[in-house]
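> Below: one structure in structure tokens.
Computed from the coordinates by the stated procedures, all read-outs in this text should not be read as laboratory data. Note that the structure is a prediction, hence the values are computed from the model and not measured. Cβ coordinates were reconstructed from backbone atoms using ideal geometry, including for glycine residues, and neighbour counts include every protein chain displayed.
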């Protein structure tokens, strides 16, 4: 991809994000244009509800797309992604455990402590599953085996989460179910400031991996022979993925489809393998997808927020299948 | 250039070493086209992985330009020795240019940006193997013979004095095999590279190589 085309595509995607952010801030059950700017209701809706939701959509979309890209390159498997390989399920289970613990020791009044515990548990769960998947991938190079193991791990963790939900109180059960559907609309600005540092640290770390990621697309032996420290690369990707998926899942629930499909769509649309390009496009495209999904949620139902997973999966999956069939190019 | 002394190769199963071949001694020089021969499972690929730093020797040592390969950092070794393996690569939009440019990995910054000099080296490597017209093609669109040439071009772009090829003729037809070996021979004679190539095609080997290393049952090693 030429430098000019890369810059032009980046600008187009950024303009699209600006347009989607504007739509996401404007659409909702209350028409902001009907309110006076000095009206406290305007301030509350814009700054306490819609802005956190929009920023969360950007962070969640970009973060999950980055995780998907890193996992697909590391495993050299286009089917890899945090949701498909059970990493999100690991985070979810550990969030369920943390929520149970918090409610049982009654520290729910301490906002930061509660959020910190849930986030740390979520990161721990994501880290745990990523390690399992990595060990399996080193024992067995078969892409289908890796995918099946990921699905099975996800099923087992899902069943364990079901068990926890079964034993929890009615209030906790309702919280689990709503949270499990995925939402960017339940965060506050404080939550966003929780996510942003982790997100930027992960993005910066990701950019430092570009040369190694380009080399590992050949295969591990070639990458090692090209001077890449493959073990260090693996560990760094596990940490980035666990941190990002953990934090995003803790605040938004397990968001499906974005992590696997955005890197695939990015490769199909932009036809480049260079990770500088892919990383920028995935970050921007991921944000676009979740913002668009949130806007669609608002448009479909003004009064009742649809779960974001419903939109990302129903609309996104057929789009990827169509792209895969339409394109004669291999994506992995 | 490469000296192998009392080398024992193999792998570790847990903490236990599993020896595959032992008592290996040889000395290989610049400009040699070395044929590595032996039956399946005798340890040719294990030897190649040890030579390229992917496996550590169980005992003994391999020196490259007087320095043990275990003392080279991965980055340093990447500027001295390159490898072409049997496993096919592809997918992920990898083009011919991307793969050959990957040969510059040890020399470029962490963001993977090629300098003008790097690009010139990649173009030269592509030209040497008549691949320049294919530079924008995807690897998946190439024949097996063309793929092997791309991987050799990657090694040329890596600018190493030693190139090691593991079974490069495995997927090639008769004429592609001869073409590949004539390219390798040319690189040895014109650029003074040391090329070590493993293959089961004895007739082909005899036609082109000037040194041979044969591994046989009972740790018998014949170096000619």
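> Report the calculated FRET efficiency for residue B:115 and residue A:178 (r = Cβ-Cβ distance, R0 = 56 Å), to the nearest 0.05.
0.60
> Sort the following peptides by mean Cβ neighbour count (other Cβ atoms within 10 Å, averaged over residues), highest first: B:211-224, A:87-100.
Going by the mean number of other Cβ atoms within 10 Å, highest first, we get A:87-100, B:211-224.
> Say we join alpha carbon atoms closer than 10 Å with springs in a Gaussian network model of chain A; which of A:132, A:11, A:248 then has the biggest fluctuation?
A:11
> Quickly estimate the mean residue ellipticity at 222 nm for chain A, helices only: each DSSP H run with n ≥ 4 gives -39500 (n - 2.57), and the total goes over all residues, rounded to 500.
That comes out to -25500 deg cm²/dmol.
> Let me ask something else about it. Could you work out, residue by residue across B:81-91, how many beta carbons of other chains sit within 10 Å of that residue's beta carbon, and then give the average as an integer?
So the per-residue partner count for this stretch is 4.
> Considering chain A as a Gaussian network with a 10 Å cut-off on Cα pairs, which listed residue, A:114, A:259, A:61, attains the greatest mean-square fluctuation?
The residue with the greatest mean-square fluctuation here is A:114.
> Please compute the contact order of region A:3-326 in relative form: average sequence separation of alpha-carbon pairs under 8 Å and at least six residues apart, divided by the residue count, as a percent.
RCO, region A:3-326: 34 percent.
> Averaged over peptide B:152-162, how many Cβ atoms belonging to another chain are found within 10 Å of each residue's Cβ?
Mean shielding count: 1.
> Further question: Shielding of A:208-218 by partners, i.e. mean partner chain Cβ atoms within 10 Å per residue?
Whole-number average of other-chain Cβ neighbours for A:208-218 is 6.
> Let me ask something else about it. So how do B:200, B:16 line up by other beta-carbon neighbours within 10 Å, fewest first?
B:16, B:200
> Pick from A:245, A:18, A:198: which residue has the top mean-square fluctuation in a GNM of chain A where Cα pairs under 10 Å get a spring?
A:18
> Further question on the same structure: For a protection proxy built on the mean count of beta-carbon atoms within 10 angstrom, sort A:119-125, A:312-318 highest first, please.
Ranking, from highest mean packing down: A:119-125, A:312-318.
> Further, regarding this structure: Among the DSSP beta bridges whose two residues both lie in the protein assembly as shown, what percent are antiparallel, rounded to the nearest 5?
55 percent
> May I ask you to sort B:185, B:193, A:174 by Cβ crowding, counting other Cβ atoms within 10 Å and putting the fewest first?
With the sparsest Cβ surroundings first, the list reads A:174, B:185, B:193.
> Can you sort A:53, B:206, B:5 so the residue with the fewest Cβ neighbours within 10 Å comes first?
So the ranking, lowest neighbour count to highest, is B:206, B:5, A:53.
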